[in-house]
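These notes concern the structure reproduced below.
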Amino acid sequence: MSPWRANRREPLSEPLWLEWLALGGLLVFGTWLLGVRGVWALLLHADPTGLTLVIVAVFACSTAWCGSRAKALQAQRQALEASLRPGSPGQGWAHDYWLACRQPGGDAATALEVLLEHSHGPHGTAWWVNGIQLKLGLLGKVIGFCILALNIGQLQSLDASQSSELLKSLTTGLGVALLTTMVGLVANILLGLQLTRLDRYADRLVADCQRHGLNQRPQHHQAGVP
């Protein structure tokens, strides 16, 4: 049995898009449940700076981007499988990579860099955004403690008449500090899981492009692919 026939039976496809849809469904359900329990109202009321809302908005937009990226990567995986069929004209990043490697005087290293830019390039910005969520949470922590320190510093004396005002300032400052940090950490963890899955999927896609490009080169010539 030829190496091509053995590889043809290998299950290449992974339901990355369906995995993200399942995760998205869980996130939507969790959002609805938190809203019913009044958690969102509590978070927004306890954070006068609005950083909690900013972190949630950044996470929602980033998660939507991960969904579109998962769909694009799965489409490229399907294009790779289609390009391995006999007589297929070829399409997608894998086919472009194979063509660049087979060109007279083609530079395989440059072709690989282009393939990596397609498969992993946008993820760098997404990881930066993921770090921004954590930094926004830490910024909220600093702001909360600043509010706490300023309110305490404005008190002339700590008598019984000012105890309620002191307690209110403590609650506001600590609420901002703790809530924004918590939301930033949770958003950072959830988005990090999605980006790690995308990176691993893209790693395998690149590895399969290289492996099949080496093994199937004669077969593609027989199929009439230049």
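The values are calculated or read from the model by the stated rules, or taken from the named source; none is laboratory data. Fair warning: this is a prediction, and the values are worked out from it, not measured in the lab. Positions of Cβ are generated from backbone atoms using ideal geometry, with glycine treated the same way; all protein chains shown enter the neighbour counts.
For the reader, a short list of remarks on this structure follows.
- Near pairs, Cβ below 6 angstrom, 6+ apart or cross-chain, from segment 3-30 (modelled with pLDDT of 85 or more) to any residue that is among the hydroxyl-bearing types (Ser, Thr, Tyr): Leu16/Tyr201
- Residues in segment 93-133 that are over 18 Å from Cys209 (Cα atoms), among the small types (Gly, Ala, Ser) and assigned to a helix (DSSP H, G or I): Gly124, Ala126, Gly131.
- When residues of segment 36-92 are limited to those that are surrounded by 14 or more Cβ atoms within 10 Å (Cβ to Cβ), of a type in the set (Gly, Ala, Ser) and in a loop (DSSP other than H, G, I, E, B), the one farthest from the chain's Cα centre (by Cα): Ser88
- Of all residues making up segment 82-110, the number that are more than 25 Å from Gly124 (Cβ to Cβ), in contact with a helix residue (DSSP H, G or I) (Cβ under 9 Å, 6 or more places away or on another chain) and not hydrophobic (A, V, I, L, M, F, W, C): 10
- Looking at Gly121, Gly144, Gly131, just one residue is surrounded by 16 or more Cβ atoms within 10 Å (Cβ to Cβ) and either at pLDDT 90 or above or of a type in the set (Gly, Ala, Ser) (or both), and that residue is Gly144.
- Taken over segment 83-125, the residue count meeting the criterion of being over 24 Å from Leu195 (Cα atoms) and of a type in the set (Val, Ile, Thr) is 1.
- Selection of first residues in segment 107-118 that are free of Cβ contacts under 8 Å to residues at least 24 places away in the same chain and of a type in the set (Val, Ile, Thr) and of second residues that are surrounded by 12 or more Cβ atoms within 10 Å (Cβ to Cβ) and in a helix (DSSP H, G or I), restricted to Cβ pairs under 9 Å at least 6 apart or on distinct chains, gives the following pairs, ordered by first then second residue: Thr110/Ala100; Val114/Trp93; Val114/Asp96; Val114/Tyr97; Val114/Ala100.
- Residue within segment 165-183 that is modelled with pLDDT of 85 or more and not aliphatic (A, V, I, L, M) present: yes
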